[in-house]
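The values are calculated or read from the model by the stated rules, or taken from the named source; none is laboratory data. Keep in mind the model is a prediction, meaning the values are calculated, not measured. Heads up, the Cβs are rebuilt from the backbone with ideal geometry, glycines too, and the neighbour counts pull from every protein chain shown. Please note that ligands, DNA and RNA were not included when accessible areas were found on the heavy atoms of the full protein model with its side chains. Shrake-Rupley method; radii C 1.70, N 1.55, O 1.52, S 1.80 Å.
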Amino acid sequence: MPRPAAMEPELLRNFPRKPFTVFYPFERLPPFEGLRGRHILYLKRCVGCGTCAKDCPSAAIEMIDWPDEFPQELKNKAGKVPKVDLGRCLFCEQCVESCPRDALEMTQEYELATFDRKAMEWIVDMETE
Amino acid sequence: MSTVKVPIGPQHPALKEPINFTIEIEGEQVVDAKVRIGYNHRGIEKACELRTYVRDIYLLERVCGICSHSHTTTFTQGVEELLDEDVPRRGLYIRTIVCELERLHSHMLWLGVAGHEIGFDTLLHYTWRDRELVMDFLEMISGNRVNYAMNTIGGVRRDISKDLIPTLKKGMDTFRERCEYYLKLCSEEPTVLERTQGVGVLPTHMARKLGAVGPTVRASAVDMDCRKDDPCAAYDEVPFEVCTWDSCDVFARVAVRILEMIQSCNMIQWMLDHLPKDEIRLKLKRRVPEGEVLSRYEAPRGELIHYIKSNGTDKPERVKVRTPTLANWPSVEYMLKGCYIADVPIIVASIDPCISCTDRVTFVDVEKEKTWVWDSNQLRRYGIEFYKKKRW
Ligand code: SF4
Ligand code: SF4
């Protein structure tokens, strides 16, 4: 049966409430645990096998030769290291899942908008065993 | 009275996606409607053939932004069947929970869109606020709001932790209350009733004949649901009812979707209570033996079909996707016949079409050889104004 102004009680009930929208970036909600953000590569664990690059659905991982700025004593036998281009990444976490050495991990860093293409890269951790 | 042909699209009158309707009108009334599709070919099926099965999961997840999990569910269960492996029960339960959460957010989104199309934006804002609850749950479970990446060949990738279960169950109570409220609201609110009752009628025999699927066919009083008829994942164990409505109009589609949401809330709570204790996934080999499979699943919009042909390598030879919207177009043509121009947006929106985005509508008056262009907002506004005038 049609009842005019059927929604009015609901509107009145919500009237004194705060807006539901969060005014980002002035107000930030903490990300949920398990959010897939920027990658971190634990250099000491990586053996340079390239499995991550092979399984990446958007070919965001390129196996590059060991860069000069990386410590030479950590160099793996293959002499390769995966470089993640976050501009192409889907944040699916398949690379993390495929890595046999747990050398890749995803952080909770999600604010990745940048003017600089070079900033769209993974973080390299040279310390963690 | 002479008829006028009105081509709408390739851009969409109701949702912002490319499709073409040629609508023949006589005054205000539509006498014939034709749908032309194919403006948004993305080459996903071909791309699947060039990628490995693992990479295909993420590609197919992106066929649709709303029912992303449906596509991966259909694909992975097809591949699992080719591999002839039984997925652990816990994996299947979690897969089904995400499926139902996805149905909740998809139907809630649709309810908001339907409200918008009939000029009831308050409903849009309230439903989309409530939908955030489900989006948050999906993010808590999977780590992402939209493309959850939960499915993998052999199960799911993430477990649902013990601590999360009470939150989810409580959230489902809240959500069910909201759904019950919307059902009551929609059956009382004059705006909704006037714009949906008796509009876009698809009689039962026509729904069967035209091969409609999903909520569209169930709103025509046909109890067809792939989850019951050909149960996949954990649907054979979960108790639920197939919701139907017999008024066969747009209102029936609103009601069926809301009733389905209530069912989904119950199903999720039941599954969380009965979550099996075994593994969430199996590690399966990458090479899939030669064979072919047709995998079906009831996506929020209707029956989704994936055909997969394997050739013994780690890449499929052919992947074919039949989305539910495709099956519903003939019904839209039928429903549009005899309606007012003002009802076109809501009738098209009533099947919850899913194509891809743009925003322009062309009207051509063939008699006067005149062309004018309306965008979807203008057409929507025209509909709202028309009903305002009619009422006063
Ligand atoms: S990150 Fe892992 S998968 Fe990638 S090259 Fe290193 S060890 Fe191999
Ligand atoms: S998260 Fe996915 S898309 Fe991104 S680099 Fe890893 S595998 Fe590639």
Task: Tilt relative to chain B, helix B:376-391 - C-alpha long axis, 0 to 90 degrees, to 10 - done: 60 degrees
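B plus A alone minus the pair: what accessible area, both sides summed, probe 1.4 Å, in Å² to 100?
On the way: alone 16400 and 9640 Å², together 23420 Å².
So the buried area, both faces added, is about 2600 Å².
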Open item on the list: Suppose each label sits 7 Å from its Cα in the direction of the beta carbon; what would the residue B:318-residue B:34 distance come out to in nanometres?
Closed with: 2.9 nm
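When ligands, DNA and RNA are left out and all protein chains stay put, how many square angstrom of accessible area per residue does region A:34-127 have with a 1.4 Å probe?
Values: 4960 Å² over 94 residues.
For region A:34-127, the solvent-accessible area averages 53 Å² per residue.
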Open item on the list: Just to be sure I understand the model, the point goes 7 Å from the Cα along the line to the Cβ. What's the resulting residue A:113 to residue A:59 distance in nm?
Closed with: 2.9 nm
Task: Positive-pole candidate from A:90, A:52, A:120, dipole of region A:34-127, charges at beta carbon - done: A:52
Task: Size of charge dipole - chain A - debye, nearest 20, with Cβ of Lys, Arg +1 and Asp, Glu -1, no other charges - done: 440 debye
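I'd like to check one number: the per residue accessible area of region B:44-349, probe 1.4 Å, reported in Å² as a whole number.
Per residue, region B:44-349 has 34 Å² of solvent-accessible surface.
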Task: Partnerless cysteines, meaning none of the other Cys C-beta atoms lie under 4.7 Å away, in chain A - done: A:46, A:49, A:56, A:89, A:92, A:99
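About the Cα centre of the protein assembly as shown, what is the dipole size in debye to 20, counting +1 per Lys and Arg Cβ and -1 per Asp and Glu Cβ, all else neutral?
Numbers: 73 positive and 80 negative charges, 117 e Å.
Rounded to the nearest 20 debye, it is 560 debye.
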Task: Using alpha-carbon coordinates, inclination of helix B:89-117 to the longest axis of chain B, degrees - done: 10 degrees
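For region B:44-349, give the magnitude of the charge dipole about the Cα centre (Cβ charges: +1 Lys/Arg, -1 Asp/Glu; no others), in debye to the nearest 20. Could the numbers behind the result be given before it?
Values: 41 positive and 46 negative charges, 166 e Å.
The dipole magnitude comes to about 800 debye.
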Open item on the list: Which one, B:379, B:98, B:118, is farthest towards the positive end of the dipole of chain B when Lys and Arg carry +1 and Asp and Glu -1 on their Cβ?
Closed with: B:379
Open item on the list: Quick check: at a probe of 1.4 Å, how many percent of the accessible area of the protein assembly as shown sits on carbon and sulfur atoms?
Closed with: 53 percent
- [ ] Report, to the nearest 10°, how far helix B:121-142 tilts away from the longest principal axis of the Cα atoms in chain B, using its own Cα long axis and a range of 0 to 90°.
- [x] 10 degrees
Task: Separation in nanometres of the label points that stand 7 Å from Cα toward Cβ, at residue A:126 and residue B:121 - done: 5.5 nm
TODO: Please name the residues of region B:154-202 whose accessible area, counted over protein heavy atoms with a 1.4 angstrom probe, falls by no less than 40 Å² between the chain alone and the full protein assembly.
DONE: B:157, B:158, B:181, B:188, B:190
- [ ] Pick out which of B:289, B:203, B:345 has the largest mean-square fluctuation in a Gaussian network model of chain B, springs linking Cα atoms closer than 10 Å.
- [x] B:289
Task: Of A:54/B:309; A:80/B:315; A:44/A:83, pairs whose Cα-Cα distance is over 24 Å - done: A:80/B:315
